[in-house]
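Below: one structure, written as structure tokens.
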Amino acid sequence: MATRISRRTVLAAGAGAAAGLSLPGVDAYAADRRTTRVGYTLNAQVLDGGEQVTSITLRTARLGPVDPAGLTTGTFGVHARATSPIPLGDDVVSGTYDVDRTVTAVRLDHRGDIVLDLSHGEGRTGGGTLGYLAGRGRNVLLDLDYTLTQHAPIPLRGHRSVVIGEFVREPGLSDREVDAFSSHVSGSGMKYRLYSPARAHSSRRSGHPLIVWLHGGGEGASLPDHYYDNETTLRANRGALGFATPEAQRVFGGAYVVAPQSTSYWMEDGPRFAPLIHEIVREVTRAHRVDRDRIYVAGCSNGGYMSLKMTTVYPTLFAASVPICGVVTSFPAGGAPLIPDPELARITTPTWLVTSRDDTTVDPRANTVHAHELIPGSLMTLYDDVTWNGYRFPGHWSWIYVARNDPRVDGTRIWQWMAAQRRH
């Protein structure tokens, strides 16, 4: 078993460490032995169940050519602690942790930096980037504190080795898909993220489609705390990210994807939020080459409601609408319906509704099935449950299917159906 070499051990040795600190496990080439400071980045990926930290990149390329043959999963230890960024008071936050992360592989990237791959996957705790505040009904980006410990020296080519004296985390998270969305604030102060199509699609003469993604209730701002991050809309699920994948971009011929973030939650006041979303659509279409006949709206849960509401308020704006596990009845029960039957019956925008029969959060029959029965010409996909890659998710999470282009009717998948729709 390798002897543990902690930062404290190195620092306690003082200035003599570089000159000749005798550390167990370090090779015999004392003249080349040195300690140094290295930065590191947390790399994340949004899985179907939310974002997780999947690897760590150590900025070691500048130290010299690392010999990968001398690196093992035991070279470094990783401890992770995640806490709420908001004082909890009487509230409860799920998703926090204080655990050792398992290093599953150690490799060099194309720059020569060391990458520690970490154990992760659906349903696993200890790697998530978001926590859920139960009393507020909100997801928040957790404060992440990672501690790296070196257990053995880093072998360099030429029989040299390096002991890292200090690990310094670089700010933020590195998530390739999330980082592809730029950050904006509308004229009215509503935050939104925007994906722009790659240059390979830039030759379209008629402009590009625009897909408006409306998030669920957990991704809005937290009113009591003025927490408004413009992050959780992309990190909580793959709703918006799915439309920015190479596969979706090929289907749509290169599309802009915009994800507004509510200052609270859409169902709080849909008629008030509708013009604020419309303002963002106008800003994007004016600033970019958008085909105004190919603007689509899709959303989940709260956003499923809001995507329907947008088509009642702006009946000629969208070429198609995809409401997922949305709400049309009163919520909570006992009040007036959020979208009355006469409004549903007047929707003229081509609509494809998606939900799962085992949804225990939003009654699929009283909401999605009911809306389908009233919206003229609408399509509907009704799943038995939400299972993807062998993992069963809560029944409310049927947006996973849309993000994976799974719903289909008569052999036509939902992305292809959307892409074929034009505003009349």
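For every residue, the table says whether it meets (1) surrounded by fewer than 17 Cβ atoms within 10 Å (Cβ to Cβ); (2) of a type in the set (A, V, I, L, M); (3) closer than 30 Å to Leu142 by Cα; (4) without any contact (Cβ under 8 Å) to a residue 24 or more places away in the chain.
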| site | (1), (2), (3), (4) |
| --- | --- |
| Pro155 | no, no, no, no |
| His159 | yes, no, no, no |
| Phe167 | no, no, yes, no |
| Glu170 | yes, no, yes, no |
| Phe181 | no, no, yes, no |
| message | If I ask for residues that are surrounded by 15 or more Cβ atoms within 10 Å (Cβ to Cβ) and polar (S, T, N, Q), which ones from region 384-413 would you list? | response | Ser398, Asn405
| message | Looking at region 49-68, I want the residues that are within 25 Å of Leu234 (Cβ to Cβ) and have a partner that is in a helix (DSSP H, G or I) with Cβ atoms under 8 Å, at least 6 apart or on another chain. Which pairs are those? | response | Gly50/Arg235; Glu51/Val178; Glu51/Arg235
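Select from region 370-392 the residues that are of a type in the set (D, E, K, R) and outside any strand (DSSP E or B) and list them in ascending order. First the steps, then the outcome.
The first filter runs over region 370-392 and keeps only residues of a type in the set (D, E, K, R), leaving 373, 384-385, 392.
Glu373, Asp384, Asp385 - these are the residues of region 370-392 that are of a type in the set (D, E, K, R) and outside any strand (DSSP E or B).
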| task | Working carefully through the options Ile277, Ile339, find the one that is buried (at least 17 other Cβ atoms within 10 Å of the Cβ), among the β-branched types (Val, Ile, Thr), assigned to a helix (DSSP H, G or I) and modelled with pLDDT of 95 or more. | result | Ile277
| query | Out of (1) surrounded by fewer than 16 Cβ atoms within 10 Å (Cβ to Cβ); (2) more than 23 Å from Phe167 (Cα to Cα), the odd one out for Ser119 is which? | reply | (2)
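It is to be established whether one or more residues within region 61-75 are under 30 Å from Tyr227 (Cβ atoms), of a type in the set (S, T, N, Q) and surrounded by fewer than 16 Cβ atoms within 10 Å (Cβ to Cβ).
Scanning region 61-75, I find no residue that is under 30 Å from Tyr227 (Cβ atoms), of a type in the set (S, T, N, Q) and surrounded by fewer than 16 Cβ atoms within 10 Å (Cβ to Cβ), so the answer is no.
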| Among the residues of region 259-272 satisfying the criterion of being surrounded by 24 or more Cβ atoms within 10 Å (Cβ to Cβ) and not in a loop (DSSP other than H, G, I, E, B), which is nearest to the chain's Cα centre (by Cα)? | Ala259
| task | Check region 243-254 and report whether any residue there is part of a loop (DSSP other than H, G, I, E, B), in contact with a Phe, Trp or Tyr (Cβ under 8 Å, 6 or more places away or on another chain) and of a type in the set (Phe, Trp, Tyr). | result | yes
| field | In region 125-148, residue nearest to Glu166 (Cα to Cα) [restricted to those that are of a type in the set (D, E, K, R) and surrounded by 13 or more Cβ atoms within 10 Å (Cβ to Cβ)] | value | Asp143
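The values are calculated or read from the model by the stated rules, or taken from the named source; none is laboratory data. Keep in mind it's a predicted model, so treat the numbers as computed, not measured. Ideal geometry is used to build each Cβ from the backbone, glycine not excepted, and the neighbour counts take in all protein chains shown.
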